Every structure is written in C-alpha cells, then in structure tokens.
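Quick one: the structure is below, questions incoming.
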Amino acid sequence: MNTIDLFSGCGGMSAGFQNAGFSILKAYEIWEPAIQTYKLNFEHPVVKQDISNVKEVLTDLKKMDVDMVIGGPPCQDFSHAGKRIEGTQADLTMAYAQIIRNIKPKWFVMENVDRAQKSLAYSRARSYFKEANYGLTEIVLDASKCGVPQKRRRFFCIGKLEENDRFLESDLLSKLSFKPTTVRDFLGDEIKVEHYYRHPRNYNRRGVFSIDEPAPTIRGVNRPIPKGYPGHPKDTAPITEKVRPLTTLERARLQTFPKNFKWPATSKTTLEQMIGNAVPVKLAEFIGQTIKAYEKSEGKNNEPNYIKPISVF
C-alpha cells in the first residue's frame, strides 16, 4: 500500500511500516534535526512542513495515490509528564483529522499517548473520522507485548473506509505476546550491565531496573545518577559502580531502531529527544503486519470477539 507519514519524526513509524511491507511515498516533519536523521535512513523524500497548514499539505497529497496515512501528532499536551492542558499541539490532532477527511485514504493509523483518547481534541477528530465513513479500531497497547522491550502504553486509532467499528480489535489482541519482552530478550549480549539507572520523575518511584524486565518508557531525557539519589525499596540493585544510565545508542535500541540506523552528529540532548519522541519500530511493525494480514484475509475476521477490551496491559 502506498503510504504517507505525517509527523514522521526521525522515522520510527516509517521504518516499522516499511518492514511490514508498506511503500512509504513521502514523509512530513517540521523539526530539522529529525528531518536530517530521516534523510540518512530512507530513500524516499521527507519534506519540512508545518502540518497545521492543512491546505498546503492537501495540495501536495492530492498529487499522489495514497492508500494509507500514518502518523502521531505531537503529544506534549496529552502526556503524563506534561501539564495535561490541551493547547496548540492538540490542534495538530485536528489538522491530522482534517487531512484524513479530505483525502479519504483507504486506511489511516494515528498514534498517541494513552491519555490522548480522553482528550477533547481526539473527541472532535473522531467525529471527523466517523463523518467520513471510517470504521475505527481504538485500542491502547503495551509495547512490551508487541516485541518491544519497554513498558510503553500507546493509543492507536486505526481507520478503514466503510468498515465496522472495532474491526481489527480481535486480530490485534490475538497477536499479542503472553510474555512481556525484556531488555535481555531483545538486546542479549549487546547490553553489558545487569541493572541500570533511569532517573525517576520523583523519588517516590524507583530508579534502578533489571535487564530481565521490560524497560520503563524511554523518555526524551537521559540524566546521570545524582549524588543525592536516596534509593527505593523496589530498586533491583543498590547504586554501585556496576549500575549506570543506559547510553544514547542503547536507548535507541530499546526503541527497537536497528543497529545500522544512522544518527547525525548533533548534541546528545537533541538525540535523546528524537529517540524518546519516536514510535518504537517494532510497535509500528506490529500494527503494520496486522493490517497486512487483515487485508490478505479480506476482512473475514471482522467480528469482534470481546465486549470492550480497548486497554491491553
């Protein structure tokens, strides 16, 4: 399927869908460091574009034969780390919905943090999707059940023209792993520590994790161990010289970027932000593979088998 990636970032979602067999025609992104990273890793074009300029985006998209639109509007206004007040970033969710409503691709996939599902912006966007005659599968997935060594809960709205709501739900649920993917499962001998430090948002939370569990959500910052870290009862090991923060590249691997993914010569802060903002490649690939299988089966399994399982832990 011919696919467009809106809000592509450095390419996590594009890479996952490309791995699943989709043909990415073009990507759109506003942040220059992410654009430069994207260019290093993909042959198709990426353009610098403010997606809020819907008219300009539509003019470009209508020149192409688009079957699928993927993308995750920026989530700062919805994230657990933010102030949880909807603002200008939430407007980009509406821009995404307007683009979908106007070009009406056969499929779209919109990704965001789990709490975005309860936002006013999403409620309005959803009404646009329904007015355009999309069936919607709305689900929160734990990335660690989708091949990603990370406890990262993300909301997906997957739309298909002239389809029943919840059409893909049972397919997604049936493909989830029973066992969460651990850091050791994914990295094996690549990781040279048994326990590592991830700075907590406050000291009521632990900071030391084992590689025999999924990593906590990879954020856009990576701080050193502070001298005043008091420890936590749930830390998997005490702070010693054998415990350290993960490196930037290790964190990229936990986002399931491949070993050969190229990162530009830029500041560590910029790299960490790009990596933390990305959609994990294997999570996007999981969604893409499920859509591919559904298309191949011609929707034979479109009746949901569950009453309301939209949040999967």
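Each row is one residue, and each column tells you yes or no for (1) buried (at least 17 other Cβ atoms within 10 Å of the Cβ); (2) within 19 Å of Lys282 (Cα to Cα); (3) under 19 Å from the mean Cα position of the chain (by Cα).
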residue	(1), (2), (3)
Glu163	yes, no, no
Ser174	no, yes, no
Thr182	yes, yes, yes
Arg198	yes, no, no
Pro233	no, no, no
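Residues to consider are Ser170, Ser174; find the one that is among the polar types (S, T, N, Q) and in contact with a Phe, Trp or Tyr (Cβ under 7 Å, 6 or more places away or on another chain). If you could, list the steps in order and put the result at the bottom.
Numbers: Ser174 fails: in contact with a Phe, Trp or Tyr (Cβ under 7 Å, 6 or more places away or on another chain).
Matching residue, one of Ser170, Ser174: Ser170.
If we keep just the residues of the stretch 232-268 that are touching a residue at least 12 places away in the same chain (Cβ under 8 Å) and among the small types (Gly, Ala, Ser), which is nearest to Asn41 (Cα to Cα)?
Ala252
Within the group Gly16, Gly9, Gly21, which residue is outside any helix (DSSP H, G or I), over 23 Å from Thr59 (Cα atoms) and not hydroxyl-bearing (Ser, Thr, Tyr)? Even if it seems obvious, please write down each step before you answer.
Numbers: Gly16 fails: outside any helix (DSSP H, G or I); Gly9 fails: over 23 Å from Thr59 (Cα atoms).
Answer to the selection: Gly21.
Within the stretch 25-137, which helices (runs of 4 or more DSSP H) (wholly inside it) include 1 or more residues that are at pLDDT below 95?
Numbers: elements: 32-41, 54-61, 88-103, 120-131.
Filter on the stretch 25-137 gives 88-103, 120-131.
The values are calculated or read from the model by the stated rules, or taken from the named source; none is laboratory data. Small disclaimer: the values here were computed from a predicted structure and weren't measured. We place every Cβ from the backbone using ideal geometry, glycine too, and count neighbours over all the protein chains shown.
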